[in-house]
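The values are calculated or read from the model by the stated rules, or taken from the named source; none is laboratory data. Model, not experiment: these values are computed from the prediction. Positions of Cβ are generated from backbone atoms using ideal geometry, with glycine treated the same way; all protein chains shown enter the neighbour counts.
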Amino acid sequence: MKKLSLTLAALFLVFGTLTVNAKDKDKAEHNIKVGIPSYSLVGISSDATIALMPAAPETAGQGLDFDVESASDNSVWLNYSSIIKSSANSISVSMKGDNLPNGVTIELVAAEDAGKGKGDIGKTEKKTIVLSGDSQPVVTNIKNCYTGTGSSSGHQLTYTLKMDETSENYKALTAKDFDTTITYTITSL
């Protein structure tokens, strides 16, 4: 009798299991949530110090020459990545430590994107920007995109040293090195 009870219990367990499995549907499903993060990153292709310098005159009676190669540099590229939550991102530039001599300025021109990235790359301001402590737009209307990294990707930046050579400005010049820092900031509009 004991064996019969065990056999019946085992059969009940098997058939009970089959009964539960018979309730399964011919398909099963569950949800998956996909999340795309919002981010905005800006960088430059090099953190090396740029040296801008006019040429000293070679003949007595001449002034400094600001139209020489050493007074300009285009070795740095602006790179960025963006996935937006808002309408668009924008990159601005400012100069910290504006201790340049009177009449001496640094001008910036950002070229159009080199085309090595993907997405809706922003538009550069097509004008020359005279750098100052005030933030000024460089690239606007940035949407979902990336420019690529390093040199030859993104926007080539050209810095040029200029001088308004009035008599007062020239008289105030001092022979020394002047340091300043250029900052690029990406923000959501």
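Residues are listed down the side, and each one gets a yes or a no for (1) charged (D, E, K, R); (2) exposed (fewer than 14 other Cβ atoms within 10 Å of the Cβ); (3) more than 17 Å from the chain's Cα centre (by Cα):
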| site | (1), (2), (3) |
| --- | --- |
| G133 | no, yes, yes |
| T140 | no, no, no |
| T147 | no, no, no |
| T160 | no, no, yes |
| S167 | no, yes, yes |
| T174 | no, yes, yes |
| F178 | no, yes, yes |
| I182 | no, no, no |
| T185 | no, yes, no |
Every residue in segment 123-145 that is of a type outside the set (V, I, T) and either within 30 Å of D179 (Cα to Cα) or touching a Lys or Arg at 6+ places or on another chain (Cβ under 6 Å) (or both), please.
K123, E125, K126, K127, L131, S132, G133, D134, S135, Q136, P137, N141
Pairs returned, first residue in segment 133-148 that is without any contact (Cβ under 8 Å) to a residue 40 or more places away in the chain, second residue that is outside any strand (DSSP E or B), beta-carbon separation under 6 angstrom, 6 or more apart or interchain, are G133/D98
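Residue-wise test of (1) in a loop (DSSP other than H, G, I, E, B); (2) in contact with an Asp or Glu (Cβ under 7 Å, 6 or more places away or on another chain); (3) modelled with pLDDT of 95 or more; (4) closer than 24 Å to I36 by Cα.
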| site | (1), (2), (3), (4) |
| --- | --- |
| S86 | yes, no, no, yes |
| M95 | no, no, yes, no |
| I106 | no, no, yes, no |
| G150 | yes, no, yes, no |
| L157 | no, no, yes, no |
| N169 | no, no, no, no |
Restricting segment 1-47 to residues that are surrounded by fewer than 10 Cβ atoms within 10 Å (Cβ to Cβ), of a type in the set (A, V, I, L, M) and not in a helix (DSSP H, G or I), the one modelled with the lowest pLDDT turns out to be M1
Across segment 69-85, which residue is surrounded by the most Cβ atoms within 10 Å (Cβ to Cβ) among those that are of a type in the set (A, V, I, L, M) and under 17 Å from G115 (Cα atoms)?
L78
Here the residues within segment 117-131 that are surrounded by fewer than 15 Cβ atoms within 10 Å (Cβ to Cβ) and assigned to a loop (DSSP other than H, G, I, E, B) are D120, K126, K127, T128
